[in-house]
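Peer 1: Take this structure, written in structure tokens, and hold onto it; I'll ask about it next.
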Amino acid sequence: MMRAPDKVQSLMVLKSRNIPIATIIDVGVKKSTPELITVFPDKHHLLFEPIQEYMKAIHANYKDIKYTLVEAAVSDKDSDVTMKVHSVGGAQEITHSKIVSGPDQSINNRVVRAVTLDGYLSRHWQVPPYLLKLDVDGFELQIMQGAVETLKNTSVVIVEAPKHSLVKRISFLEAHGFEIFDLVEPCYYDHSFWQCDAVMLKRSLHPQYFTKLTNVDFSFARYECFHLPR
């Protein structure tokens with residue numbers, strides 16, 4: 001099968017290589033994360049979601065797997081935060097939510113509880129190592145700043161990365177012992193790159209499970225380029 005920038009395929013490669021993962025930590029689950037359910041139905045999923053309108057759907061979508069739902073946002077400190085909810089594309093239901101600060105007094109704002117990953121996991125132990133997924137519409141870096149200890153016990157991080165924050169998010173994770181494994185599901189707006197998901201692997205794991213590309217032992221059999229079918 002041709003290797004493609006597809007999230008499920010990327011996760012399946014990690015699973016097939018037996019990358020150590022015991023618990024899925026899903027921050028910003030909304031109604032579900034289908035890719036993680038599909039690839040890791042046998043793992044415990046720790047779900048963080050503060051939007052009440054999503055709760056019924058979450059319980060329905062995760063009914064066949066082991067999960068814990070924490071009804072809270074995740075941030076760089078334990079506190080109450082203001083979240084702005086809105087819809088895009090003419091949707092009649094909430095499609096996006098994000099933590100806001102400052103003078104934004106929108107009618108769509110609401111105050112919710114926020115926790116740090118380090119703080120929550122110190123109080124509610126979960127079996128490591130973790131796969132950590134972050135998709136919170138802009139607050140990913142602050143979440144990671146509140147998860148420095150958590151990252152020490154994490155094998156894989158999947159973080160949404162718009163082009164304006166791609167370098168900062170990858171650089172933060174590289175400074176905490178990760179390297180790029182894959183850049184998946186690139187999205188474009190008006191034919192111009194807008195965002196992707198960065199799949200980051202603990203640097204110490206890569207040489208244990210994957211072959212390093214070198215000029216000495218280079219193999220064309222392992223080298224592949226992705227092309228759309230013509």
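The values are calculated or read from the model by the stated rules, or taken from the named source; none is laboratory data. Because the structure is predicted, anything quoted here is derived from the model rather than measured. Cβ placement follows ideal geometry from the backbone for every residue including glycine, while neighbour counts extend to all protein chains displayed.
Peer 1: Taking strands (runs of 3 or more DSSP E) that do not extend beyond the range 9-80, which have at least 1 residues that are polar (S, T, N, Q)?
Peer 2: Numbers: elements: 23-27, 44-48, 67-70.
Fully inside the range 9-80 and qualifying: 23-27, 67-70.
Peer 1: Return a yes/no flag: does the range 160-182 have any residue that is in contact (Cβ under 8 Å) with a residue 40 or more places away in the chain and farther than 24 Å from VAL127 by Cα. Lay out the reasoning, then the answer.
Peer 2: Just the residues of the range 160-182 that are in contact (Cβ under 8 Å) with a residue 40 or more places away in the chain, to begin with: 181-182.
Narrowing further to those that are farther than 24 Å from VAL127 by Cα: 182.
Yes; the residues of the range 160-182 include at least one that is in contact (Cβ under 8 Å) with a residue 40 or more places away in the chain and farther than 24 Å from VAL127 by Cα.
Peer 1: Still on this structure, I have one more. Within the range 69-79, is even one residue farther than 19 Å from LEU121 by Cβ and either more than 14 Å from the chain's Cα centre (by Cα) or touching a residue at least 12 places away in the same chain (Cβ under 8 Å) (or both)? Don't jump to the end; show me each part of the working.
Peer 2: Taking the range 69-79 first, the residues farther than 19 Å from LEU121 by Cβ are none.
No, because not a single residue in the range 69-79 is farther than 19 Å from LEU121 by Cβ and either more than 14 Å from the chain's Cα centre (by Cα) or touching a residue at least 12 places away in the same chain (Cβ under 8 Å) (or both).
Peer 1: Take the residues in the range 100-120 that are at pLDDT 70 or above and part of a strand (DSSP E or B); name whichever of them is surrounded by the most Cβ atoms within 10 Å (Cβ to Cβ).
Peer 2: ALA114
Peer 1: Read through the list (1) surrounded by fewer than 16 Cβ atoms within 10 Å (Cβ to Cβ); (2) within 20 Å of LEU46 (Cα to Cα); (3) out of contact with any strand residue (DSSP E or B) (no Cβ under 7 Å at 6 or more places or on another chain); (4) touching a residue at least 24 places away in the same chain (Cβ under 8 Å), then give the number of the only condition that VAL127 fails.
Peer 2: Against the list (1) surrounded by fewer than 16 Cβ atoms within 10 Å (Cβ to Cβ); (2) within 20 Å of LEU46 (Cα to Cα); (3) out of contact with any strand residue (DSSP E or B) (no Cβ under 7 Å at 6 or more places or on another chain); (4) touching a residue at least 24 places away in the same chain (Cβ under 8 Å), VAL127 comes up short only on (3).
Peer 1: Can we say TYR62 is buried (at least 18 other Cβ atoms within 10 Å of the Cβ), more than 30 Å from SER101 (Cβ to Cβ) and aromatic (Phe, Trp, Tyr)? If you could, list the steps in order and put the result at the bottom.
Peer 2: Numbers: buried (at least 18 other Cβ atoms within 10 Å of the Cβ): yes; more than 30 Å from SER101 (Cβ to Cβ): yes; aromatic (Phe, Trp, Tyr): yes.
For TYR62, the condition - buried (at least 18 other Cβ atoms within 10 Å of the Cβ), more than 30 Å from SER101 (Cβ to Cβ) and aromatic (Phe, Trp, Tyr) - is met.
Peer 1: What pairs can you find where one residue is in the range 184-195 and among the hydrophobic types (A, V, I, L, M, F, W, C), the other is outside any strand (DSSP E or B), and their Cβ atoms are less than 6 Å apart, with a gap of 6+ or different chains?
Peer 2: Between residues of the range 184-195 that are among the hydrophobic types (A, V, I, L, M, F, W, C) and residues that are outside any strand (DSSP E or B), the close pairs are VAL184/PRO5; VAL184/LYS7; VAL184/SER10; PHE193/LYS163.
Peer 1: Which members of the range 151-210 meet the condition of being among the small types (Gly, Ala, Ser) and either over 15 Å from the mean Cα position of the chain (by Cα) or closer than 18 Å to ASP137 by Cβ (or both)?
Peer 2: So the first thing to find is which residues in the range 151-210 are among the small types (Gly, Ala, Ser), and the list is 155, 161, 165, 171, 175, 177, 192, 198, 204.
ALA161, SER165, SER171, ALA175, GLY177, SER192, ALA198, SER204, listed by residue number.
Peer 1: Could you list all residues from the range 1-26 that are among the aliphatic types (A, V, I, L, M) and under 13 Å from ASP197 (Cβ atoms)?
Peer 2: Our first condition is that a residue be among the aliphatic types (A, V, I, L, M); within the range 1-26, this holds for 1-2, 4, 8, 11-14, 19, 21-22, 24-25.
Matches in the range 1-26: VAL8, LEU11.
Peer 1: Restricting the search to the range 192-210, which residues are within 21 Å of ALA175 (Cα to Cα) and either of a type in the set (Gly, Ala, Ser) or touching a Phe, Trp or Tyr at 6+ places or on another chain (Cβ under 7 Å) (or both)?
Peer 2: ALA198, VAL199, MET200, LEU201, LYS202, ARG203, SER204, listed by residue number.
Peer 1: If you check ILE25 against the conditions, is it modelled with pLDDT of 95 or more, over 16 Å from the mean Cα position of the chain (by Cα), under 30 Å from THR211 (Cα atoms) and surrounded by 15 or more Cβ atoms within 10 Å (Cβ to Cβ)? Even if it seems obvious, please write down each step before you answer.
Peer 2: Working: modelled with pLDDT of 95 or more: yes; over 16 Å from the mean Cα position of the chain (by Cα): no; under 30 Å from THR211 (Cα atoms): yes; surrounded by 15 or more Cβ atoms within 10 Å (Cβ to Cβ): yes.
Considered against the rule, which asks whether it is modelled with pLDDT of 95 or more, over 16 Å from the mean Cα position of the chain (by Cα), under 30 Å from THR211 (Cα atoms) and surrounded by 15 or more Cβ atoms within 10 Å (Cβ to Cβ), ILE25 comes out as no.
Peer 1: Now for a different question. Evaluate the range 203-223: report whether one residue or more is among the hydroxyl-bearing types (Ser, Thr, Tyr), at pLDDT 95 or above and in contact with a helix residue (DSSP H, G or I) (Cβ under 9 Å, 6 or more places away or on another chain). Explain how you work it out, then say what you get.
Peer 2: Our first condition is that a residue be among the hydroxyl-bearing types (Ser, Thr, Tyr); within the range 203-223, this holds for 204, 209, 211, 214, 219, 223.
Then keep just the ones that are at pLDDT 95 or above; that gives 204, 209.
Filter again for in contact with a helix residue (DSSP H, G or I) (Cβ under 9 Å, 6 or more places away or on another chain), leaving 209.
Within the range 203-223, one or more residues are among the hydroxyl-bearing types (Ser, Thr, Tyr), at pLDDT 95 or above and in contact with a helix residue (DSSP H, G or I) (Cβ under 9 Å, 6 or more places away or on another chain).
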